[in-house]
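Here the structure comes first, spelled out in structure tokens, and everything after it is commentary.
The values are calculated or read from the model by the stated rules, or taken from the named source; none is laboratory data. Just so we're clear, the structure is a prediction, and the values are computed from it rather than from any experiment. With ideal geometry, Cβ positions are generated from the backbone for all residues, glycine too; neighbour counts draw on all protein chains shown. Protein only, heavy atoms only, side chains kept; ligands, DNA and RNA dropped before computing areas. Shrake-Rupley method; radii C 1.70, N 1.55, O 1.52, S 1.80 Å.
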Amino acid sequence: MTESKGDIVRNVPFLEKEGTMRTLIRNGTVVTSVNEYEADIYIEDGIIKEIGKNISRDAEEIIHAEGKLIFPGGVDEHVHYGSFGGRLFETTDAAAAGGTTTIVDFAPQEKGVPLIDAIKKQAAKAQGTACVDFAFHGIIMDPKESVFEEIAQLPEVGVSTLKLFMAYKGTDFYSDDESILKAMMKARECGVTMMVHAENADIINVLQKKYLAEGHTEPVYHYYSRPPVAEEEATKRAIALARTADCPLYVVHVSVKEAMEAIREAYTQGYPVFGETCTHYLTLTTEYLAKPDFEGAKYVCAPPLRPQKHVDALWEAVQKGWLQAVGSDHCALEGGFETKKRGLGDFTKIPNGCPGVQDRLAMLWTEGVCKGRITRQKFIELFATMPAKVVGLYPQKGEIAAGSDADLVIFDPDYEGVIRNEDSLHGIDYSPFEGFPVKGRPEQVYLRGKKIAENGRFIGPKGEGKWQKCRPYAMCYDYFSLN
Ligand code: URP
Ligand code: ZN
Ligand code: ZN
């Protein structure tokens, strides 16, 4: 077909006849976790078929991407849809608009429900609703022998990661050390990577009661009752358990310097111990929790936001590779700020969770790349490549290479704007990043070769996200072959 300078050129009747879709992206700057170069990308039926200079192929859609950067679609390996009070998968258009094309959700397990059934149930909620591709982590909420036995079946349903909670004692989420160790031993046998929510539950319970008894009810006491030492201690204990089980460990939402250092130390000593931090721990501090008029409640998540010293340490950690990925821990609570108000007069009743899936790219790029904290390559690594590797979806996801899914972000680096909740699609009434200036934005977002978002708007249709099956023995197990 004839190319014309400018926007997209289409020949829809041909598509309908042949049933194939061919797209050619011309002259963009392809940015990967290892390099960047100017090239054309040729896509056929949702897959990248060829990357090179002056590709000579017919295509129904030709995009001229001079001056634009091409990123792999983001992989957010830490989101909550429909659990912890989070809104459901119909709000995943927010992910698409923000340049994330794959989300990995945590499938909650109700007591008495087999682990595999819990995953299938969560998948059924996503199927036909999700706007981007999706995969799952298991969560054990019924820690007992028969459930530990089920861990071996996780890879059969495409799940290669499993989260246990050291916090939330007195709820179904909590697992004690014995349960965690037993789960780790099983996980090690079948290539499942263990994840932990590392906060010492007893420290939190005692401090919560103490502060309430002293009459401290405000949101900032969420921080004081979950001090850095609670996370440091639990992280070290999780590492000890993982070492005992000889099981790879991926510590999610690391928020304190000392926990990060424990992970770095274990890795340096030769143990397969890795970690993730989240957008908000890199960009927001405890001061947000201290906002007046209960506004601080909007920022309540667990672990809590930390003082600047930790924020600085986490930037150094992602820059130097001591933490491997940045997730959003997206949890847009149904009802938004009104729901947070359940904790008026008692900070322990403020539900945990903040939205963030749409703003992960913008915040990481603006605060990281534009401020000189990380390179473009490191940005891609944290945003897409490593998350895909950790969960066992690489190189189908998180990469721009022949054979990978054509999940692509055409990024305009010159755009300047401000994050406003009114532009957000996460479906609640506030954004924790409200008012942050951003540089650059996803101009076009492609999911398996199909454009799904443009300039911050989802252009649908909704429900075309597909369940992606994760492979066991993923990145955290690679380490064994190095030794
Ligand atoms: O506050 C948070 N992070 N809510 C979601 C649950 C979790 O622990 O990740
Ligand atoms: Zn957690
Ligand atoms: Zn989470």
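Just a few scattered comments:
- For Asp329, the residues 5 or more places off, or on other chains, whose built amide H falls under 5 Å of its own are His78.
- Rounded to the nearest 10 square angstrom, Thr285 shows an accessible area of 20 square angstrom against a 1.4 Å probe.
- Debye intensity ratio in log₁₀ form over the Cα atoms of segment 132-221, taken at each q of 0.14, 0.23, 0.26 Å⁻¹: -0.58, -1.07, -1.28
- Under 5 Å from the amide H of Gln444 lie the amide H atoms of Ile410, Asn455, each residue being 5 or more positions distant or on a separate chain, with H modelled from the backbone and absent for Pro and chain starts.
- Taking amide H positions as modeled 1.01 Å from N, with prolines and chain starts lacking one, the residues under 5 Å from Glu50 and 5 or more places away or on another chain are Tyr42.
- Under Karplus coefficients 6.51, -1.76 and 1.60, residue-wise ³J(HN,Hα) of segment 323-337 in Hz, glycine/proline x: 10, 9, 8, 10, x, 9, 6, 4, 8, 7, 5, 3, x, x, 4
- For segment 126-140, Karplus couplings with θ = phi - 60° (6.51, -1.76, 1.60), whole Hz, Gly/Pro x: 7, 5, x, 10, 5, 8, 10, 5, 9, 9, 9, 9, x, 10, 8
- A simple count of charges around Met195, restricted to other residues whose Cβ falls under 15 Å of its Cβ and scoring Lys, Arg +1 and Asp, Glu -1, yields -2.
- At the residue level, Lys371 shows approximately 120 square angstrom of accessible surface with a 1.4 angstrom probe and all protein chains present.
- Counting only Cβ charges, +1 for Lys and Arg and -1 for Asp and Glu, the dipole size of the chain around its Cα centre is about 280 debye.
- ³J(HN,Hα) computed for each position of segment 90-98 - Karplus, 6.51 cos²θ - 1.76 cosθ + 1.60, integer Hz, glycine/proline x: 5, 8, 6, 4, 4, 4, 4, 4, x
- Ratio of Rg to Rh over segment 194-249 (Cα coordinates, Kirkwood Rh, two decimals): 1.14
- Electrostatic tally near Glu261: other residues with Cβ closer than 11 Å to its Cβ, Lys and Arg +1, Asp and Glu -1, net -1.
- Label point distance in nm, Lys371-Glu66, each placed 7 Å from Cα along Cα→Cβ: 3.5 nm
- Full extension of the chain segment joining Lys169 with His216 gains 14.8 nm, where the gain is 0.36 nm per residue of separation less the Cα-Cα distance.
- Ordered from largest to smallest accessible area (heavy atoms of protein chains, 1.4 Å probe), the residues Asp412, Asp58 come out as Asp58, Asp412.
- Hull shadow area, averaged, segment 73-398 [alpha-carbon convex hull, nm²]: 15.0 nm²
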